[in-house]
Amino acid sequence: SQNRLLIKNGKIVNEDDIIEEDVYVEDGIIKEIGRNLIIPGGTRVIDARGRYVIPGGIDPHTHFEFEFMGTTTVDDFYQGTKAAIAGGTTMIIDFAFPKQGESLLDAYYCYREKADSKVCCDYGLHVALTSWSDRVKEDMSILCSQHGINSFKTFMAYSFMLNDSELYSVFEHCKNLGAVPQVHAENGHIISKNVDKLLNKGVTGPEGHEMSRPEEVEAEAVNRACTIAHQVDSPLYVVHVMSKSAGFAIKQARERGVQVIGETLVAGLACDGSHYKNPCYNHLAAHVLSPPIRPDKTTPQFLMNLLAQDILQLTGSDNCTFNKNQKEMGAKNFSKIPNGVNGVEDRMSVIWEKGVQSGIIDPMRFVAITSTNAAKIFNIFPRKGCIAIGSDADVVIWNPNKTRIISAKTHHQAVDFNIFEGMECHGVPEYVIVNGRVCVDEEQLRAVQGHGKFVETPVFAPFVYDPEKLSDMRSAKNGTINEIELSNKLAKVSSIS
Ligand code: DUC
Ligand code: ZN
Ligand code: ZN
Ligand code: ZN
């Protein structure tokens, strides 16, 4: 039957254990886990011998159908979520982004309308704050109490950046709401000075992008955001940590008791800056995102080590894709190159290759940084982010012995370039089960437009633990990250090797 599935003989990987048991799925929910399960006739059986059975990936950072820098990203909610599924990701969290003068609520409705009928997998939303006012404050409260939003992204760069006083107020309001403030940490004032100086000197090519936003400009903003959060005793989520210096700023902040969560990107974990040697404009422009990929061979492994040590907790793609013709908007001026790269499809394989295959993390930590921690931080654990009885059947059967070579010629994204082109990865999702439906079947993609739903992310994440909320989930797992768990983790943080 379509709605019943038995996954036999695999190794089930959760963030805290690996067990060899079978998983029985009915009507989109994991119903039983064990050996010699008694199941109804007509149930489809998938043999997962020699494979890992892992929670579907959660990409906490995508920008589908995003109007940005004068153009719109080419991956929409259909193609973006389809590509996500092809790579083993079964939920994405995108950003509702108000246009100039638009209210947060209208931005939220706009994104629901764009996404609801198109998504092939479940999705959630963060809401971006591009200004600060009493109206914004009021809308944040309404979004939290009525619309399942529990995270708000602020910017310290771009024309819509907030100043320190505004960040202080936002973080304080988030704390009162039980929401997670997120921050894009780069010093926008220094960047615009640098951009002017470079352009005046005649540096107009894409190499100017990284030169205008060097890593200490990222690290300064990370440190400042952490300080502001600490002053109002709020948790803080730093998106896209892209440099050693910024990672080090997170480490130091955690050591002094700041409740900071760090996300890094698959682009930062895989790209070592060797593309900067390429003389081709299109090649360079295709790699432009902010914060930039560092021209440093050791940064990717450094960031992976931070993930291994729990100084960083999760990985996103920041998928924000523009085609060659759009990237050409910056041909005469690097500051006009639309910022963003691919990654939603390849995140799982690339992190497996750079993390597990290379021996830096084990499969349990892989699950934590690609799925479980996102579910916990955004308060949808254990519905998402684990293989447990009662959880949504978002399951990937992962073959660690197969390899594939990444290429724009074979990827499922709409974009015409792939920053991981030519990379060979171990780790292939042979089956991807999305809410109980087999959407990758023996490596064949069968994603269904509209199969996904909007998932509310309730407030009081991540630092308030409510065991009541979990009692009907029949799960032996822990709840959301609580203060005791966090302080234990902080105590475990050791020096960076
Ligand atoms: N950085 C990007 O590269 N794209 C989208 C927005 C951002 O902060
Ligand atoms: Zn950003
Ligand atoms: Zn090229
Ligand atoms: Zn982003």
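Of the residues D106, D75, D116, which is modelled with pLDDT of 95 or more and surrounded by 24 or more Cβ atoms within 10 Å (Cβ to Cβ)?
D75
Yes or no: I93 under 27 Å from S169 (Cβ atoms), touching a Pro at 6+ places or on another chain (Cβ under 8 Å), away from ligand 3 (no atom under 16 Å from the Cβ) and not in a loop (DSSP other than H, G, I, E, B)?
Spelling it out, I93 is indeed under 27 Å from S169 (Cβ atoms), touching a Pro at 6+ places or on another chain (Cβ under 8 Å), away from ligand 3 (no atom under 16 Å from the Cβ) and not in a loop (DSSP other than H, G, I, E, B).
Checking the condition within 17 Å of the chain's Cα centre (by Cα), within 16 Å of ligand 4 (Cβ to nearest atom), in contact (Cβ under 8 Å) with a residue 60 or more places away in the chain and over 16 Å from N14 (Cα atoms), which residue from P291, P338 passes?
After applying the criteria, what remains is P291.
Only one of E353, E263 is touching a residue at least 60 places away in the same chain (Cβ under 8 Å) and under 21 Å from Y158 (Cβ atoms). Can you tell me which?
None of the others qualify; the one that does is E263.
Identify, please: which residue in the stretch 225-246 is more than 16 Å from ligand 2 (Cβ to nearest atom) and of a type outside the set (A, V, I, L, M, F, W, C) and is, among those, farthest from E166 (Cα to Cα)?
Ranking the candidates gives K244 first.
So which of S165, S159 ends up being of a type in the set (S, T, N, Q), away from ligand 3 (no atom under 16 Å from the Cβ), out of contact with any helix residue (DSSP H, G or I) (no Cβ under 6 Å at 6 or more places or on another chain) and in a helix (DSSP H, G or I)?
Exactly one of S165, S159 is of a type in the set (S, T, N, Q), away from ligand 3 (no atom under 16 Å from the Cβ), out of contact with any helix residue (DSSP H, G or I) (no Cβ under 6 Å at 6 or more places or on another chain) and in a helix (DSSP H, G or I), namely S165.
Would a scan of the stretch 207-219 turn up a residue that is assigned to a loop (DSSP other than H, G, I, E, B), at negative phi and either crowded, with 20+ Cβ neighbours inside 10 Å or modelled with pLDDT under 95 (or both)?
Yes: the stretch 207-219 contains one or more residues that are assigned to a loop (DSSP other than H, G, I, E, B), at negative phi and either crowded, with 20+ Cβ neighbours inside 10 Å or modelled with pLDDT under 95 (or both).
Could you name every one of the strands (runs of 3 or more DSSP E) located completely within the stretch 15-65 that has at least 2 residues being under 30 Å from F322 (Cα atoms)?
Fully inside the stretch 15-65 and qualifying: 57-62.
Please go through the stretch 184-206 and give me each residue that is out of contact with any Phe, Trp or Tyr (no Cβ under 7 Å at 6 or more places or on another chain) and not in a loop (DSSP other than H, G, I, E, B), ordered by number.
Result: H189, I190, I191, S192, K193, N194, V195, D196, K197, L198, L199, N200.
Return yes or no: is K327 within 14 Å of ligand 1 (Cβ to nearest atom) and surrounded by 18 or more Cβ atoms within 10 Å (Cβ to Cβ)?
yes
All but one of (1) buried (at least 18 other Cβ atoms within 10 Å of the Cβ); (2) without any contact (Cβ under 8 Å) to a residue 24 or more places away in the chain hold for N278; which doesn't?
So N278 meets the others, but not (1).
Applying the selection to the stretch 176-197, what residues are surrounded by 18 or more Cβ atoms within 10 Å (Cβ to Cβ), within 16 Å of ligand 1 (Cβ to nearest atom) and free of Cβ contacts under 8 Å to residues at least 40 places away in the same chain?
Across the stretch 176-197, the qualifying residues are N187, G188, I191.
Could you grab me the full set of residues in the stretch 241-257 that are buried (at least 23 other Cβ atoms within 10 Å of the Cβ) and farther than 22 Å from H61 by Cα?
Within the stretch 241-257, A253 is the sole residue that qualifies.
May I ask you to verify whether S358 is more than 25 Å from L303 (Cα to Cα) and hydroxyl-bearing (S, T, Y)?
No: the conditions fail for S358.
Taking V258, is it of a type in the set (V, I, T), more than 23 Å from Y168 (Cα to Cα) and more than 16 Å from ligand 2 (Cβ to nearest atom)?
no
If you check every pair at least six apart or on different chains, which have Cβ atoms under 6 Å apart with a residue in the stretch 437-448 that is assigned to a strand (DSSP E or B) first and a residue that is of a type in the set (V, I, T) second?
Taking only residues 6 or more apart or on different chains, the pairs are C439/I85; C439/V432; V440/V432.
State which residue pairs qualify: first residue over 15 Å from F97 (Cβ atoms) and inside the stretch 143-157, second residue away from ligand 1 (no atom under 16 Å from the Cβ) and among the aromatic types (F, W, Y) in any location, beta carbons under 8 Å apart, and separation of 6 or more residues or different chains.
H147/Y108; G148/F454; N150/F378; N150/F460
Which of the residues belonging to the stretch 330-368 are part of a helix (DSSP H, G or I), of a type in the set (V, I, T) and surrounded by fewer than 24 Cβ atoms within 10 Å (Cβ to Cβ)?
Listed by number, the list holds a single entry, V356.
The values are calculated or read from the model by the stated rules, or taken from the named source; none is laboratory data. These numbers were taken from a predicted model, which means no experiment stands behind them. Glycine also receives a Cβ, built like all others from the backbone with ideal geometry; neighbour counts cover every protein chain displayed.
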